[in-house]
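To start, the structure under review is shown below, and the notes come after it.
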Amino acid sequence: MDFLRPASWEEALAAKAEHPTAVPIAGGTDVMVEINFDHRRPEYLLDLNRIGELSEWEVGQENVRLGASVPYSHIMEHLRAELPGLALASHTVASPQIRNRGGVGGNLGTASPAGDAHPALLAAGAEVEAVSVRGTRMIPIDAFYTGVKRNALAPDELIRAVHIKKADGPQQYSKVGTRNAMVIAVCAFGLALHPETRTVRTGIGSAAPTPVRAKEAEEFLNAALEEGGFWDSRTIITPSVAAQFATLAAGACNPIDDVRGTASYRRHAVGIMARRTLGWTWESYRGTGRSTEGAA
């Protein structure tokens, strides 16, 4: 295994173009596990740790440009107001040591359906900045996941940053695991209210071959909120609406049985998380309950 260590972004792109099979490594929280267990033996490792710009972020008027290697701990500390859903998801990532090393770019590159950041990124409607020596393109998060641990990146592309619209409403994130810390998600659910467009977006993790949105549940809830005048009145969402949203969210899953949980349990848990996160976010929107910094 050869170890490539570029000193600049330009050198990294050139190395990736010359060695398209090179596996990028920054935090290493996913890649090193696979290597240590001999599940993966790449011909080249492309170390990105000398490229400082990947660990930087920029808060604009409407969006946050989040460098691929910005640690989860920095998101929790500095971007809680702008990216509340992703900050809550960051809280659930493994241990403090891993939160200080791992970043969203690694989650996206690995594209595991159990990655903690994916539901929050889907709910927020993020875009992935993919770059190669050929140029830059923006990949909508809905088009990024193409299969089990597969993504839309071309062989010569690297993730430079993720662009996420600043929250214009409450966001929540919930995760079920076999214990409280250092755990891979049995399933996870993200929810974001977007009052400016009067829409709701969701994200589901570890309950399908890829991270997915519960689109039928979103369409139902968007119609119910609009037809019932809930956005303007800010009244409590009726239990029947919440129950139907939860049922449709569970129906968006296509899970498997594995050592962490059964398919039926995952569907049930996603429905419970959908109902609860809807309640939390709506109470926050109404200004009477749990804030966007509520429980993960």
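The values are calculated or read from the model by the stated rules, or taken from the named source; none is laboratory data. Note that the coordinates shown come from a computational prediction; the quantities given were computed from them, not determined experimentally. Every residue, glycine as well, gets a Cβ built from its backbone with ideal geometry; the counts of neighbours run over all protein chains shown. Heavy atoms of the whole protein, side chains included, go into the accessibility calculation; ligands, DNA and RNA do not. Shrake-Rupley method; radii C 1.70, N 1.55, O 1.52, S 1.80 Å.
Out of everything in segment 149-184 that is on the phi < 0 side of the Ramachandran plot and at pLDDT below 95, what residue ends up being most open to solvent (accessible area, probe 1.4 Å)? Steps first, please.
Of segment 149-184, the ones on the phi < 0 side of the Ramachandran plot are 150-181, 183-184.
Still in the running and at pLDDT below 95: 177-181, 183-184.
Working: 177: 32, 178: 97, 179: 142, 180: 165, 181: 55, 183: 22, 184: 98 Å².
Only one residue tops the list, namely 180.
Are there any pairs with C-beta distances below 7 angstrom linking a residue in segment 165-187 that is more than 15 Å from residue 119 (Cβ to Cβ) and in contact (Cβ under 8 Å) with a residue 60 or more places away in the chain to a residue that is of a type in the set (Lys, Arg) and open to solvent by 40 Å² or more (accessible area, probe 1.4 Å), with the two at least 6 apart or on different chains, and if so which?
So the pair list comes out as 178/260.
Give me a count of the residues in segment 117-141 that are touching a Lys or Arg at 6+ places or on another chain (Cβ under 7 Å), over 21 Å from residue 26 (Cα atoms) and not aliphatic (A, V, I, L, M).
Final tally of qualifying residues: 1.
Go through (1) in a loop (DSSP other than H, G, I, E, B); (2) closer than 29 Å to residue 96 by Cβ; (3) among the β-branched types (Val, Ile, Thr) one by one and return the number of the condition residue 197 breaks.
(2)
Would you confirm whether or not segment 50-62 contains a residue that is in contact with a His (Cβ under 9 Å, 6 or more places away or on another chain), touching a residue at least 60 places away in the same chain (Cβ under 8 Å), outside any helix (DSSP H, G or I) and closer than 13 Å to residue 124 by Cα?
Looking through segment 50-62, none of the residues is in contact with a His (Cβ under 9 Å, 6 or more places away or on another chain), touching a residue at least 60 places away in the same chain (Cβ under 8 Å), outside any helix (DSSP H, G or I) and closer than 13 Å to residue 124 by Cα.
Being of a type in the set (S, T, N, Q) and within 30 Å of residue 94 (Cβ to Cβ) is true for just one of 277, 235, 247. Which residue is that?
Working: 235 fails: within 30 Å of residue 94 (Cβ to Cβ); 247 fails: within 30 Å of residue 94 (Cβ to Cβ).
Within the list 277, 235, 247, the selection yields 277.
Scan segment 16-43 for residues that are surrounded by 12 or more Cβ atoms within 10 Å (Cβ to Cβ) and in contact with a Phe, Trp or Tyr (Cβ under 8 Å, 6 or more places away or on another chain) and jot them down.
Matches in segment 16-43: 19, 22, 23.
So which residues in segment 247-296 are hydroxyl-bearing (Ser, Thr, Tyr), under 19 Å from residue 233 (Cα atoms), more than 20 Å from the chain's Cα centre (by Cα) and at pLDDT 95 or above?
284, 285
Taking segment 201-215 on its own, how many of its residues are part of a loop (DSSP other than H, G, I, E, B) and within 13 Å of residue 142 (Cα to Cα)?
Within segment 201-215, the first condition is being part of a loop (DSSP other than H, G, I, E, B), and the residues that meet it are 206-211, 213-214.
Add one more test, that the residue is within 13 Å of residue 142 (Cα to Cα), and what stays is 210-211, 213-214.
The total comes to 4.
Name the residues in segment 220-235 that are within 22 Å of residue 250 (Cα to Cα) and surrounded by 13 or more Cβ atoms within 10 Å (Cβ to Cβ), would you? Outline the logic, then answer.
At the first step, the residues of segment 220-235 found to be within 22 Å of residue 250 (Cα to Cα) are 220-225.
Those that are within 22 Å of residue 250 (Cα to Cα) and surrounded by 13 or more Cβ atoms within 10 Å (Cβ to Cβ): 220, 221, 222, 224, 225.
Has segment 88-105 got any residue that is touching a Lys or Arg at 6+ places or on another chain (Cβ under 6 Å) and either assigned to a helix (DSSP H, G or I) or at positive phi (or both)?
So in segment 88-105, the residues touching a Lys or Arg at 6+ places or on another chain (Cβ under 6 Å) come out as 92-93.
Cutting the leftovers down to either assigned to a helix (DSSP H, G or I) or at positive phi (or both) gives us none.
No, because not a single residue in segment 88-105 is touching a Lys or Arg at 6+ places or on another chain (Cβ under 6 Å) and either assigned to a helix (DSSP H, G or I) or at positive phi (or both).
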